[in-house]
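K.L.:
I'd like to ask some things about the structure below.
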Amino acid sequence: MALIKSIAGVRGTIGGKVGTSLTPIDVVNITAAFARQVIKPSSRQLVVIGRDARPSGTILTQLVSATLQSLGINVIDLGLSTTPTVALAVMQEEASGGIVITASHNPAKWNALKLFNKFGEYIDAVAAANVFKLAEAGDHEFVTTQELGTYHYQDGYIDQHIEQILALPLVDKTAIQQRKFKVAVDAVNSTGGLAVPKLLQALGVACTKLYCNPTGLFPHEPEPVTQNLGELITTLKQGKYDLGIAVDPDVDRLVIIDETGEPWGEDYTLVAAADYVLGRIPGNTVSNLSSSSALQVITEQHGGTYATCPVGEMYVVDKMKATQAVIGGEGNGGVIYPPLHHGRDALVGIALLLSHLARSGKTASSLRATYPSYVMVKTKIELTPDINPAAILETIKRQYSSHPINTEGGIKVTMQEGWLHVRQSNTEPIIRIHVEGKNQETANRIVKEVLELIQAIFPSIKVS
């Protein structure tokens, strides 16, 4: 399987040949190319790195660190950390960039390098293309013994991250403490198992830990979607908790289960956080094309303007800055709150949602009931050599040509009864199909129509 190179960095499976998986040689080449592209001679020769808990992370961290040092660049290693924590540390340390060793929601056999600029944000598309070009050429030049960069392991940045969250004016620690919330957490045995319980303890919330031991041995598929959260849902159905929280391995996605064991749907993490923020700081919002229309409804109810962009955190951040959005994110449970930083952050999402619940006096289920109740159905098609993604997109575009179509990132078709979005994933060898309808029957019907269209030209497709 070829490496996946995108604005989200580079991802691949561990083990195999160079260029077909994420091998040590690929890691060295990408790291060196990143340093050459992002770290200019006039800038501070410092990069912050960190990783999630998956077993391959230790080796990849050593490769990344040694490569940077061999280029004369100093390294601060946060060790087991979260993607948003590394982003904050890049800014705090005034570093020239950051690298997070994490494949996010991908299964355990995967790992990746997420590449940050000096603002703790993903490098842009032009810089990413240059990184991949330099990596492919591989003509890197390393420094002499006297010029080697230094290495410093620094613990405690998760604590600093939490302190910055607690200092946000909209995080109401007092109200949260008074509600005496009881929360169950599924952190999929990654670094959320360190960060989320620490945050909840700091907020005065009782926490029951499910899979919070950061061994990297995922007890289930790590993407925090309903089908992977059976034990957390069962735990909430016992009636002993106010909330269930699930995060992905690098803690930039947040999913909520209500007190009855009913999943909110990952899109409603951002909807609820935005409702809370907009109720106190009026303004605009942004989410990607695959996110629920509920955010637009809530934004306009608060007098703001809603904007969309292609899928990818970098695109969301750019659009948020252009529209001066007060909050934004992605419908996968990713909340971006600019007063903290411009990046998806499950920890700040938790603090905002608990503040919302505490101040409103509502239960999680009653709060969710106040929002538009759209139904989202998400499926995906595995890409094989005989499947042409461009042909799939062109077929969808042609079939629905009588409807408004957005081609910024894949094909999004807007209909009176809902919408569908078909695109090639930035992070996996798949085609993603997201459909939102006003009810389950409508959403299912649209998905069925789309799959039948695709199967007519590629009968061998595998749907999951």
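K.L.:
In the range 263-311, what residues are in contact (Cβ under 8 Å) with a residue 40 or more places away in the chain, surrounded by fewer than 20 Cβ atoms within 10 Å (Cβ to Cβ) and assigned to a helix (DSSP H, G or I)?
P.N.:
Within the range 263-311, just 297 meets the criteria.
K.L.:
Pick from the range 14-35 the residues that are of a type outside the set (A, V, I, L, M) and modelled with pLDDT of 95 or more: which of them is farthest from residue 71 (Cα to Cα)?
P.N.:
Going through the range 14-35, the residues of a type outside the set (A, V, I, L, M) turn out to be 15-17, 19-21, 23-24, 26, 29, 31, 34.
Retained after the next criterion (residues that are modelled with pLDDT of 95 or more): 23-24, 26, 29, 31, 34.
Working: 23: 20, 24: 17, 26: 16, 29: 12, 31: 10, 34: 11 Å.
Among those that are of a type outside the set (A, V, I, L, M) and modelled with pLDDT of 95 or more, it is 23.
K.L.:
Which one of 144, 61, 150, 82 is within 18 Å of residue 27 (Cβ to Cβ) and not assigned by TED's automatic domain parsing to the domain that holds residue 250?
P.N.:
61
K.L.:
Kindly list, by first and then second residue, each pair from a residue in the range 354-367 that is free of Cβ contacts under 8 Å to residues at least 40 places away in the same chain to a residue that is of a type outside the set (Ser, Thr, Tyr) and part of a helix (DSSP H, G or I), limited to pairs with Cβ atoms under 8 Å and residues at least 6 apart or on different chains.
P.N.:
Short answer, once both residue conditions are applied: 360/367.
K.L.:
Within the range 363-386, can you find the residues that are among the aliphatic types (A, V, I, L, M) and in a strand (DSSP E or B)?
P.N.:
Listed by number, the residues that qualify are 375, 376, 377, 381.
K.L.:
Also, I was wondering about something else. If we scan the range 186-204, do we find a residue that is at pLDDT 95 or above, part of a strand (DSSP E or B) and either among the β-branched types (Val, Ile, Thr) or not assigned by TED's automatic domain parsing to the domain that holds residue 359 (or both)? Spell out the reasoning first.
P.N.:
Here is the first cut: in the range 186-204, the residues at pLDDT 95 or above are 186-204.
Then drop every residue that is not part of a strand (DSSP E or B), which leaves 186.
Applying the additional criterion that residues be either among the β-branched types (Val, Ile, Thr) or not assigned by TED's automatic domain parsing to the domain that holds residue 359 (or both) yields none.
The answer is no; no qualifying residue exists.
K.L.:
Only one of these conditions is not met by residue 217: (1) buried (at least 16 other Cβ atoms within 10 Å of the Cβ); (2) assigned by TED's automatic domain parsing to the domain that holds residue 276; (3) closer than 30 Å to residue 5 by Cβ. Which number is it?
P.N.:
Unmet condition: (1).
K.L.:
Only one residue in 349, 410, 331 is in contact (Cβ under 8 Å) with a residue 24 or more places away in the chain, buried (at least 19 other Cβ atoms within 10 Å of the Cβ), within 19 Å of residue 426 (Cβ to Cβ) and under 17 Å from the mean Cα position of the chain (by Cα). Which one?
P.N.:
It is 331.
K.L.:
Among the residues that make up the range 415-435, is at least one of them of a type in the set (Ser, Thr, Tyr) and surrounded by fewer than 14 Cβ atoms within 10 Å (Cβ to Cβ)? Don't jump to the end; show me each part of the working.
P.N.:
Filtering the range 415-435 for residues of a type in the set (Ser, Thr, Tyr) gives 425, 427.
If we keep only those that are surrounded by fewer than 14 Cβ atoms within 10 Å (Cβ to Cβ) too, we end up with none.
No, there is no match, as no residue in the range 415-435 is of a type in the set (Ser, Thr, Tyr) and surrounded by fewer than 14 Cβ atoms within 10 Å (Cβ to Cβ).
K.L.:
Out of 435, 377, which single residue is farther than 30 Å from residue 163 by Cα and modelled with pLDDT of 95 or more?
P.N.:
Values: 377 fails: modelled with pLDDT of 95 or more.
That would be 435, the only listed residue that is farther than 30 Å from residue 163 by Cα and modelled with pLDDT of 95 or more.
K.L.:
Counting only residues that are in contact (Cβ under 8 Å) with a residue 24 or more places away in the chain, of a type in the set (Lys, Arg) and under 17 Å from residue 446 (Cβ atoms), how many does the range 368-407 have?
P.N.:
Within the range 368-407, residues that are in contact (Cβ under 8 Å) with a residue 24 or more places away in the chain, of a type in the set (Lys, Arg) and under 17 Å from residue 446 (Cβ atoms) number 2.
K.L.:
Can you list residue pairs whose Cβ atoms sit under 6 Å apart, with the first residue in the range 233-247 being closer than 9 Å to residue 258 by Cα and the second being among the aromatic types (Phe, Trp, Tyr)? Count only pairs 6 or more apart in sequence or on different chains.
P.N.:
The qualifying pairs are 242/181.
K.L.:
While we're here: Output the residue which, of all residues in the range 46-88 that are assigned to a helix (DSSP H, G or I) and in contact with an Asp or Glu (Cβ under 8 Å, 6 or more places away or on another chain), is farthest from residue 143 (Cα to Cα). Spell out how you get there, then give the answer.
P.N.:
Residues of the range 46-88 assigned to a helix (DSSP H, G or I): 57-70, 83-88.
From the residues that got through so far, the ones that are in contact with an Asp or Glu (Cβ under 8 Å, 6 or more places away or on another chain) too are 61, 65, 83-84, 87.
On the way: 61: 20, 65: 14, 83: 29, 84: 31, 87: 27 Å.
Here the answer is 84.
K.L.:
Now for a separate question. Could you count how many residues in the range 125-157 are part of a helix (DSSP H, G or I) and either more than 31 Å from the chain's Cα centre (by Cα) or closer than 24 Å to residue 426 by Cβ (or both)?
P.N.:
16
K.L.:
What's the number of the only condition in (1) surrounded by 17 or more Cβ atoms within 10 Å (Cβ to Cβ); (2) within 18 Å of residue 293 (Cα to Cα); (3) of a type in the set (A, V, I, L, M) that residue 383 fails to meet?
P.N.:
Evaluating residue 383 over (1) surrounded by 17 or more Cβ atoms within 10 Å (Cβ to Cβ); (2) within 18 Å of residue 293 (Cα to Cα); (3) of a type in the set (A, V, I, L, M) leaves (2) as the failure.
The values are calculated or read from the model by the stated rules, or taken from the named source; none is laboratory data. Quick caveat, the model's predicted, so the values are computed rather than measured. Here the Cβ is made from the backbone with ideal geometry for all residues, glycine too, and neighbour counts use every protein chain on show.
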